[in-house]
1. Tell me the residue from Ser64, Ser45, Ser90, Ser75 that is touching a residue at least 12 places away in the same chain (Cβ under 8 Å), among the polar types (S, T, N, Q) and more than 16 Å from Leu412 (Cα to Cα), please.
2. Take region 180-198 and flag every residue that is free of Cβ contacts under 8 Å to residues at least 24 places away in the same chain and assigned to a helix (DSSP H, G or I).
3. In region 1-27, which residues are basic (Lys, Arg) and either touching a Pro at 6+ places or on another chain (Cβ under 8 Å) or open to solvent by 90 Å² or more (accessible area, probe 1.4 Å) (or both)?
4. Report yes if some residue within region 331-340 is out of contact with any helix residue (DSSP H, G or I) (no Cβ under 8 Å at 6 or more places or on another chain), at pLDDT 95 or above and surrounded by 15 or more Cβ atoms within 10 Å (Cβ to Cβ); otherwise report no.
5. Condition first: surrounded by 14 or more Cβ atoms within 10 Å (Cβ to Cβ), among the hydrophobic types (A, V, I, L, M, F, W, C) and not in a helix (DSSP H, G or I). Now tell me which residues in region 28-66 satisfy that.
6. So which of Glu117, Glu50, Glu109 ends up being of a type in the set (D, E, K, R), modelled with pLDDT of 95 or more and under 27 Å from Ile181 (Cβ atoms)?
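The values are calculated or read from the model by the stated rules, or taken from the named source; none is laboratory data. What you see is a predicted model, and the numbers here were worked out from it, not measured in a lab. A quick note on method: Cβ atoms are made from the backbone with ideal geometry, for glycine too, and the neighbour counts reach across all protein chains shown. The accessibility values were calculated without ligands, DNA or RNA, using every heavy atom of the protein model including side chains. Shrake-Rupley method; radii C 1.70, N 1.55, O 1.52, S 1.80 Å.
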Amino acid sequence: MHSVDRTTEQMIRSVLAYAENRLRLDPVPLDRGSRDPAELDVALSGLLGEDGHDPDQVLGVYASLLAPAVISADSPRFLGFIPAAPTKASLLFDMVVSCASIQGISWLEAAGPIHAENQVLRLLADKAGLPVSAGGCFVSGGSAANLSALAVAREVAKRASPDRAGRRWRAIVGSEAHSSIGNTLRLLEMDALVVPTADHRLTGGAVRAAIQADGDPGSLAAIVATSGTTNAGIIDDLAGLGEVAGEHHLWFHVDGAYGGAGLFAPSVRNAYAGIELADSFVLDPHKWLFAPFDCAALLYRDPALAKSVHRQDAGYLEVIHDQPGEWNPTDYAYQLTRRARGLPLWFSLCVHGVRAYSAAIETAIDLARQTAAEIRSRDYLELIREPELSVVLFRRAGWRPADYASWADRLLDDQVAFLPPTTWDGETVARFAFLHPHTSMDLVTQILDRMADG
Ligand SMILES: Cc1ncc(COP(=O)(O)O)c(C=O)c1O
């Protein structure tokens with residue numbers, strides 16, 4: 001299994017050939033094979049057992065039956081949830097990382113790869129205007145990053161108020177905060193002070209008023225802002241929220257898992273004013289910075305605080321601490337073992353240059369604007385709000401939830417697009433989430449045309 005024998009040679013040829021073909025797909029199709037567990041059981045039957053099989057037979061089953069039984073998030077026709085659009089360079093380099101077994105825990109084990117990852121983190125920190133002292137690490141996703149950051153926020157609050165020992169802490173959140181924030185607060189045994197606003201954009205004014213009206217402001221540990229809500233692409237009032245956080249000595253966390261990449265787009269950069277006040281900031285390159293799954297950047301204004309919370313100590317780990325020039329990614333999140341998941345992004349950024357990234361992000365923003373204009377021009381459609389980033393919410397006059405569901409099902413069945421409906425203020429509506437620079441206005445028009453017959 002570990003030597004380079006005939007079987008290994010055979011796999012190198014066939015698996016690399018398969019990977020090469022997948023990489024050459026342009027565009028990537030949507031796909032949608034079987035989702036029936038019984039059918040999948042039949043397809044896989046007999047393969048996993050005490051005896052091995054010919055690698056080409058196993059690869060054949062994967063290629064013909066498993067690989068198409070997905071909806072490909074990297075297809076330019078994938079317009080639901082938050083899509084993915086990894087560059088070819090990043091995908092290729094992900095293979096290199098996979099082949100290299102880099103243990104990304106510590107400087108001792110992976111100084112070179114971690115240094116390159118840190119250059120990317122520095123680029124992101126510069127885009128956000130965070131101080132030179134800022135730093136952090138790459139984790140598996142926005143959920144992991146939010147959890148790691150808010151664990152630090154809670155700990156910092158605890159240390160500042162030892163008199164509150166044993167009592168629950170709270171975080172201020174907007175009504176549109178991502179579901180992972182609710183999950184994080186539950187895991188950390190914290191509660192949410194939800195501050196609703198008329199237009200779903202959390203503002204400094206609304207939060208200041210909520211704190212004034214609150215009966216227990218001493219239990220507040222953090223303000224959680226979103227720089228690009230998942231459902232609607234709204235950027236909260238970061239300047240106002242950062243100011244209120246400063247006034248009340250609250251941790252200011254900015255969840256830019258989806259929208260943080262907009263920092264690279266000059267046309268919307270002003271909307272992020274105040275992001276430089278963040279104590280912690282999350283941006284998922286596996287979303288809008290065109291990296292493969294799974295890759296989230298987590299940055300702290302004062303990484304020493306994060307280290308004081310997340311550092312793991314054990315006799316066998318002593319050697320990783322106190323290395324000259326040391327930067328141990330494990331010190332900045334709850335994880336220990338860690339893939340050097342920032343490297344594919346580093347490689348692709350170096351190959352293509354930052355300008356190409358800015359242009360690709362602007363392309364999706366521009367498509368959202370064109371789509372909004374197209375929706376406004378059709379009398380059977382209604383734009384719900386002007387897109388700020390690359391999400392567009394709209395309704396079809398007279399449609400009920402079942403109409404949206406069958407429209408979306410038909411689009412997927414016909415392999416036109418994947419865009420499941422969402423809800424807005426309790427109403428089922430349609431939603432485009434653009435991200436792939438090759439999604440065309442032509443495709444958008446086709447999709448909207450298919451709503452014409454009510
Ligand atoms: C704003 C926001 N935060 C957090 C997350 C969670 O990220 P992940 O799915 O990488 O855990 C998402 C995912 O869409 C998101 O949009």
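1. Ser90
2. Gly182, Arg186
3. Arg6, Arg13, Arg24
4. Step one: filter region 331-340 for residues out of contact with any helix residue (DSSP H, G or I) (no Cβ under 8 Å at 6 or more places or on another chain), giving 337.
Then keep just the ones that are at pLDDT 95 or above; that gives 337.
Retained after the next criterion (residues that are surrounded by 15 or more Cβ atoms within 10 Å (Cβ to Cβ)): none.
Checked region 331-340: no residue is out of contact with any helix residue (DSSP H, G or I) (no Cβ under 8 Å at 6 or more places or on another chain), at pLDDT 95 or above and surrounded by 15 or more Cβ atoms within 10 Å (Cβ to Cβ).
5. Val28, Leu30
6. Details: Glu50 fails: under 27 Å from Ile181 (Cβ atoms); Glu109 fails: under 27 Å from Ile181 (Cβ atoms).
Matching residue, one of Glu117, Glu50, Glu109: Glu117.
The rows are residues; the columns are (1) open to solvent by less than 10 Å² (accessible area, probe 1.4 Å); (2) on the phi < 0 side of the Ramachandran plot; (3) among the acidic types (Asp, Glu); (4) assigned to a strand (DSSP E or B).
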position	(1), (2), (3), (4)
Lys127	no, yes, no, no
Phe138	yes, yes, no, yes
Leu147	no, yes, no, no
Asp163	no, yes, yes, no
Arg167	no, yes, no, no
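Residue by residue, here is whether (1) open to solvent by 40 Å² or more (accessible area, probe 1.4 Å); (2) on the phi < 0 side of the Ramachandran plot holds:
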position: Ile320; (1), (2): no, yes
position: Gly325; (1), (2): yes, no
position: Ile361; (1), (2): no, yes
position: Gln370; (1), (2): yes, yes
position: Arg396; (1), (2): no, yes
position: Gln415; (1), (2): yes, no
